[in-house]
Amino acid sequence: MQNKRFDWLTRLEEIPSRIYMILAIFMLAAHTALCAFAGFDPMICGIVMIVLYGVISMVIYLFVHKRLKLFRLESNASEEQTQSVIYTFRHQLKLPYAVVNEQGRIITANSAFSNAVGIIESLFNLDINSLCSINLSELISINHEKMSFNEENDSEYYEDIPLKDVKKAEIAEIKGRKFRMESYPLSSKGKTYYMIVFHDITELCQLAKLHYDKHTAIGYIVIDNLEEIAQYVKISYQDETRKIGKLLGDWATNMGGVIREYENNKFLILFTQEMLHECVRNKFAILGEVHKIEIGDAHIPLTVSMGIATTGETLEEREHDAMVSLDMALQRGGDQVVLKNQTGIFYFGAKTKTLQKRTRGHGKIIYAKLAALIENSSNVLIMGHRTPDFDSIGACIGMTVLIRNMFEDIDVKIVVDTQSENFLASTSRLCALAEYKNTFIDGVSALDYNNSDTLLIIVDANNLAIVEAPELAKNTFKKVIIDHHIKKEEFLEEPELAYIDPSASSACELIAEMLEETLPADISFKEEANIMLSGIMLDTKNFTRTVGMRTFAAALYLKNSGADPEYARTFFEEAFEDYLSAAQFGSNAKIYRDRIAIASATDPGSSNSRVLAAKASDKLLAIRHVNAAFALILVGDDVHISARSDGSLNVQLIAERLGGGGHFDMAGAAIKSSTLEEAEALLTAAIDDYLDNLNTDEKEINE
């Protein structure tokens, strides 16, 4: 820069001498012309020209000299200022910066940057990506997007950016300190460079972490099986209540939290998110501590359910989410923690089987809520899940019996696949009855019956994605869900009534209880009772699995209402082709990790492919020393998995790792666009993850 200014001033100083020479030549030419052509005296003319030349030269000299003096003063001052600014910018500026080329090589950097990275010698040509552990290309892309956004919205780019909006690629950690980076493009001689500016946000991050750690988590806790257990052991449980209250109180105190009992066996707890992370790390070990408190001579462990939330900007929002999480924990069977935070919903626990929590008369309470909704509806649509089984079909028909006997003026339609093999096998007699002539419709036709006052009752499913007509469920304003499967996630739209009880053996059992508590004793519904009984038989494997006292009570009620077990059994008869297909599972079976049976087969083209897998998993579970069984069947491009357990392993948690769900001892999953080999690899990985995280010190309970 100094050399360029020197050359410029030198050229400026050369201008007068050139003007003098040109002026002298001009004067000489004028003197010659005047003397030769005008006849002037050469001497006089020469004197005049000399005087004129001197005057003009003096004027030029004074003018140019004054301007040169100003130029010199300005140039010297500018040079001094520039040198001072450059020195300050490079050596005294506290904000670290580095100028790099497109390859990330450092061209220049200031002392603050050198001190930050701990390198005193030259940084020239060092790779900034490796020096600061950053991704230059990603940083440039992010900053380009931000600048483009601000230009489009006519807003200033140079503004405070909330820490939560800073992306990971914009953060650099150097020598234990954190910096937020910004990149600015520079151009010189056709080349592009980038100036990377580092803003120290170490203290800001520490403050944000402190705020995050002290963020209040709200939780609801329920002792969820004291009263039910007491019905069987016939003893007082007050001592156990006090023990659990003290255990939970000590747990909250150790975390620096506050816990209050707001109702019998129900607690509200407040603690910091920092302590919540500790609970997550130990997988809520408090659940295992509660299990150690046993009741009765049978030493049945007690369990608690918790719903915890850290979401929402206000305590009111957080409290609501905590209550929703608790409801989900109870609907999933209890003995677990459901945690809802900013990133999603997480589950912990569920190490014991669900005990039946319903008492006699519970069906009447649910019916009272349901009746109010039916009375305010113009018509009712009833729907189960796709590829309906006997439980889904029986629950739909049982609900139809309830509505038609209690509300004669309400039009009822059942949305079902009328061509499915299970439907044809179970409703051959029913469809011959006059009252069912126009009852069964498909999903497309159901849309014509849907209006603003329509009530949609969904049975044997709580995931709207798997119902017979998802579009109908999406576009119905009023919905009721009655199911016995464990709820996996929150509803996008909360239904008017959700009756989800995983302790029930089947949806038919739940509806049979409502029928028993509401219908007059003299009402008989023989054909409907046959189908409902087959639904219970299906989900209990002929009353050998997931059976409680209420299950037998529901079956007895259906028997007294005209159900014939022998006739219901005929629904389960299989075709010879299906029998041969089931044999594939046996030939491909193997034992994994000494206690789990796995078998696979390809789809034989039957409409009951998943039923075949379920039967295969049941048979595998009968093998000695096998605690869980998984049957995989390839249907098209998807692999369906049926899982069964003897009660010592929670196959529901394994299925959830694969995107499925179900019950403690009966679950399933579907893996899209997969081969049997790929699906089996995913399954074994899920099994390993579950077993490796299983608390072997915690007592596992068989119902």
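The values are calculated or read from the model by the stated rules, or taken from the named source; none is laboratory data. Every value quoted in this text rests on a predicted model; they were computed, and no experiment measured them. We place every Cβ from the backbone using ideal geometry, glycine too, and count neighbours over all the protein chains shown. We work out accessible area using only protein heavy atoms, side chains counted, and drop any ligands, DNA or RNA first. Shrake-Rupley method; radii C 1.70, N 1.55, O 1.52, S 1.80 Å.
Identify, please: which residue in region 77-99 is surrounded by fewer than 12 Cβ atoms within 10 Å (Cβ to Cβ) and at pLDDT below 60 and is, among those, farthest from Ala172 (Cα to Cα)?
First, pick out the residues of region 77-99 that are surrounded by fewer than 12 Cβ atoms within 10 Å (Cβ to Cβ): 77, 80-81, 84-88, 91-92, 94.
Restricting the remaining residues to those that are at pLDDT below 60 gives 77, 80-81.
On the way: Ala77: 40, Glu80: 36, Gln81: 34 Å.
Only one residue tops the list, namely Ala77.
Taking the criterion of being in contact (Cβ under 8 Å) with a residue 60 or more places away in the chain and touching an Asp or Glu at 6+ places or on another chain (Cβ under 8 Å), would at least one residue in region 430-442 satisfy it? Yes, the conditions are met somewhere in region 430-442.
Is one or more of the residues making up region 391-399 in contact with an Asp or Glu (Cβ under 7 Å, 6 or more places away or on another chain) and open to solvent by 10 Å² or more (accessible area, probe 1.4 Å)? Let's see the steps before the verdict.
Filtering region 391-399 down to residues in contact with an Asp or Glu (Cβ under 7 Å, 6 or more places away or on another chain) leaves 391-392, 395, 397-398.
Filter once more, keeping what is open to solvent by 10 Å² or more (accessible area, probe 1.4 Å): none.
Looking for residues that are in contact with an Asp or Glu (Cβ under 7 Å, 6 or more places away or on another chain) and open to solvent by 10 Å² or more (accessible area, probe 1.4 Å), one finds none in region 391-399, hence no.
Are any residues in region 207-239 open to solvent by less than 80 Å² (accessible area, probe 1.4 Å), modelled with pLDDT of 75 or more and either within 25 Å of Asn264 (Cβ to Cβ) or more than 27 Å from the chain's Cα centre (by Cα) (or both), and if so, which ones? Of everything in region 207-239, those that are open to solvent by less than 80 Å² (accessible area, probe 1.4 Å), modelled with pLDDT of 75 or more and either within 25 Å of Asn264 (Cβ to Cβ) or more than 27 Å from the chain's Cα centre (by Cα) (or both) turn out to be Ala217, Ile218, Gly219, Tyr220, Ile221, Val222, Ile223, Asp224.
Count of region 612-630 residues, restricted to those that are open to solvent by 30 Å² or more (accessible area, probe 1.4 Å), touching a residue at least 24 places away in the same chain (Cβ under 8 Å) and not in a helix (DSSP H, G or I), is 3.
Looking at region 240-339, what strands (runs of 3 or more DSSP E) fall wholly within it and have at least 2 residues that are buried (at least 20 other Cβ atoms within 10 Å of the Cβ) and either modelled with pLDDT of 85 or more or on the phi < 0 side of the Ramachandran plot (or both)?
On the way: elements: 258-263, 266-272, 304-309.
In region 240-339, the matching strands (runs of 3 or more DSSP E) lie at 266-272, 304-309.
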